[in-house]
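Structure record follows, encoded as structure tokens.
The values are calculated or read from the model by the stated rules, or taken from the named source; none is laboratory data. Please read these numbers as outputs of a predicted model, since none were measured by experiment. Cβ atoms come from the backbone with ideal geometry, glycine included; neighbour counts cover every protein chain shown.
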Amino acid sequence: MNIQEIMARFAIPAILCLAALGCAYYFYCLSALRRLSSLGLEETADFIFGPGLGLVGALQLRGEILPFLRQTFGSPPKVVAEIGRAKGGTLAMLCRAASPEALVISLDLPGSRHSGPLPLFNKGGWRLPLLRAMKGPRQDLRLIDGDSRSPASAEIFSKALDGKKLDLLFIDGDHTFEGVRSDFEMYSGFVRPGGVIAFHDIQPGYELELGVAVSRFWKEYPLPGKRAEFIADSSQLSYGIGALRLPG
Ligand SMILES: C[S@@+](CC[C@H](N)C(=O)[O-])C[C@H]1O[C@@H](n2cnc3c(N)ncnc32)[C@H](O)[C@@H]1O
């Protein structure tokens, strides 16, 4: 049997097998997320940093996002938002940390910059059931797809809030200096006095390679309020969460 005959005989069954495995993994993640929606933060972290990592994982360090969410709020936040969703890992964590009746907003331009190794993997309606399964049964989840820098996105964001103010805004979208500055300047006004704005990737890392400049923004921009840092290891490249509690 020559190579063409071998390919003809085995390629189609191999592709079908991979597709079946992919579908099985998708439905496994979907049902696991639905079960988790009424469980705790720890169980959610176990899943998104464990078996769910490939499909719904977070681009975070567990040792940073968990302490940040546990230690920053006296009581579960009621109105929370993120800019930068990727596979939805932080969204799952925010839903679990928020109150059972919380309003949760997630704004993302799927497939855009700083999305991890497979940016286009986050595009498409096939991901919606997974994202919706992350919320608790009584939570109100608003998924907004758009460029955070566009006034149209800010308008949709404002409508989703419907006059409410955010307890937490998690900024993890466009990681360039201009991108973070724009997200801070356009969306910080939606956060209540005394609320928290968190920035991901405050550790220096891939500045030259990818234009990531959150660490420079965190150091240089005159941010108002009290700061706290959640960094697993001070010598690590990238990651790190900077939390800013606004005055008031
Ligand atoms: C690092 S990922 C977010 C990771 C996610 N928070 C997590 O930890 O699981 C950055 C995300 O921001 C999105 N993004 C980049 N530029 C954006 C922009 N201008 N507006 C909205 N989203 C943007 C990317 O498509 C990507 O999904």
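Among the numbered conditions (1) over 22 Å from Leu141 (Cα atoms); (2) within 14 Å of the ligand (Cβ to nearest atom); (3) not polar (S, T, N, Q), tell me where Asp183 comes up short.
The one condition Asp183 does not meet is (1).
Yes or no: region 110-129 includes at least one residue that is at pLDDT 95 or above, over 13 Å from the mean Cα position of the chain (by Cα) and of a type in the set (Ser, Thr, Tyr).
Scanning region 110-129, I find no residue that is at pLDDT 95 or above, over 13 Å from the mean Cα position of the chain (by Cα) and of a type in the set (Ser, Thr, Tyr), so the answer is no.
Out of contact with any helix residue (DSSP H, G or I) (no Cβ under 6 Å at 6 or more places or on another chain), part of a helix (DSSP H, G or I) and either away from the ligand (no atom under 16 Å from the Cβ) or more than 30 Å from Arg35 (Cβ to Cβ) (or both): does that describe Lys159? Even if it seems obvious, please write down each step before you answer.
Values: out of contact with any helix residue (DSSP H, G or I) (no Cβ under 6 Å at 6 or more places or on another chain): yes; part of a helix (DSSP H, G or I): yes; either away from the ligand (no atom under 16 Å from the Cβ) or more than 30 Å from Arg35 (Cβ to Cβ) (or both): yes.
The answer is yes for Lys159.
Are any of the residues in region 162-175 over 19 Å from Ala86 (Cα atoms), of a type outside the set (D, E, K, R) and surrounded by 19 or more Cβ atoms within 10 Å (Cβ to Cβ)?
Among the residues of region 162-175, at least one is over 19 Å from Ala86 (Cα atoms), of a type outside the set (D, E, K, R) and surrounded by 19 or more Cβ atoms within 10 Å (Cβ to Cβ), which makes the answer yes.
Filter region 63-97 for residues that are small (Gly, Ala, Ser), without any contact (Cβ under 8 Å) to a residue 60 or more places away in the chain and more than 13 Å from the ligand (Cβ to nearest atom) and give the result.
Gly74, Ser75, Ala97
Filter region 143-155 for residues that are among the aliphatic types (A, V, I, L, M) and in contact with a Leu (Cβ under 8 Å, 6 or more places away or on another chain); which is nearest to the ligand (Cβ to nearest atom)?
Restricting to residues being among the aliphatic types (A, V, I, L, M) and in contact with a Leu (Cβ under 8 Å, 6 or more places away or on another chain), the top hit is Ile144.
Return the total of residues in region 186-208 being more than 25 Å from Lys159 (Cα to Cα) and within 11 Å of the ligand (Cβ to nearest atom).
2
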